[in-house]
Amino acid sequence: MKKLFFGLIATIMFVATGNAQGTLRADFLKGKSYDEVKNSYIVLDKKTKIALWNEKLSQILTQKLDDKIKSGVVSLQKEFSNDVLNTDNIKQIALYFTDNMSEEQFEDMFLKLDDYIAKDYKPTSVLDGYKAQINEQNMNFEPTTIDTTGRKIPCNCDWSCSSMCSKPTKNCAMTSSGCGFLWAFECTQAC
């Protein structure tokens, strides 16, 4: 009887805590390739985009983090809790991260919606390429309207579609979001 009781309690606790990704994020990612996720993301409304990233940030905070990184993630969550986003503050937080983490860690945390799994990251030099893009481009969490003239696919990228790419792709429709830090930067035809 005790085993049954404790088994029932364990099952209830497992179901109550849900999955690591959170329901919205898990449902959004389920069964989609990376390109499908990116193409679906850019047309989402602002509220849903922020909710997806908030779930990711909450998941990041469950990991073992350096105190500097943890305080940055908490600051970012506070910015997302405001009724009006202050993109200048969010950019400053992004720049703070570029000074305090490796490129791989930055990419694992903020360029993917998948779960972040903490590990020992190798230190890298200052992330100048990311800093330049954060400083030069406008952030945008609004839905992207895709110009489908000529049936082009939406431009897709991991950072910006300008200087951080190895293969230019000219046959795509530019998007106003979907790239870079929190996928909040534009993607042009250069990547």
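The values are calculated or read from the model by the stated rules, or taken from the named source; none is laboratory data. Nothing here was measured: the structure is a model prediction, and the numbers come from that model. Don't worry about glycine lacking a Cβ; one is built from the backbone with ideal geometry, like all the others, and counts go over all protein chains shown. Surface areas here come from the heavy atoms of the whole protein model, side chains and all, with no ligands, DNA or RNA. Shrake-Rupley method; radii C 1.70, N 1.55, O 1.52, S 1.80 Å.
Protection proxy ranking of 92-98, 34-40, by the mean of other Cβ atoms within 10 Å over each peptide's residues and highest first, is 92-98, 34-40. Extending 7 Å from Cα along the Cβ direction at Thr48 and again at Glu142 yields two label points whose distance is 1.8 nm. Computed over the stretch 53-105, the P(r) curve from all C-alpha pair distances, binned at 5 Å from the origin, holds 4, 20, 30, 29, 13, 4, 0 percent per bin.
Using a cut-off of 27 Å between Cα atoms, the listed pairs Lys38/Lys91; Lys32/Lys122; Lys78/Lys131; Lys46/Lys119; Lys64/Lys131 include Lys32/Lys122; Lys46/Lys119 as exceeding that distance. Met101 exposes around 20 Å² of accessible area when a 1.4 Å probe is run over every protein chain in place.
When Leu85, Leu52 are compared by accessible area of protein heavy atoms, the largest-first order is Leu85, Leu52, using a 1.4 Å probe. Residues whose amide H comes within less than 5 Å of that of Cys179, counting only those at least five positions distant or on another chain, are Ala184, Phe185 (H built at 1.01 Å from N in the peptide plane). When the Cα gyration tensor is reduced to axis lengths a ≥ b ≥ c, the ratio a/c is 1.5 or higher for the stretch 89-130, and with a/b not above b/c it is classed as oblate.
What is the gain in length, in nm to one decimal, between Gln77 and Ser33 on full extension, counting 0.36 nm per residue of separation less the C-alpha to C-alpha distance?
13.1 nm
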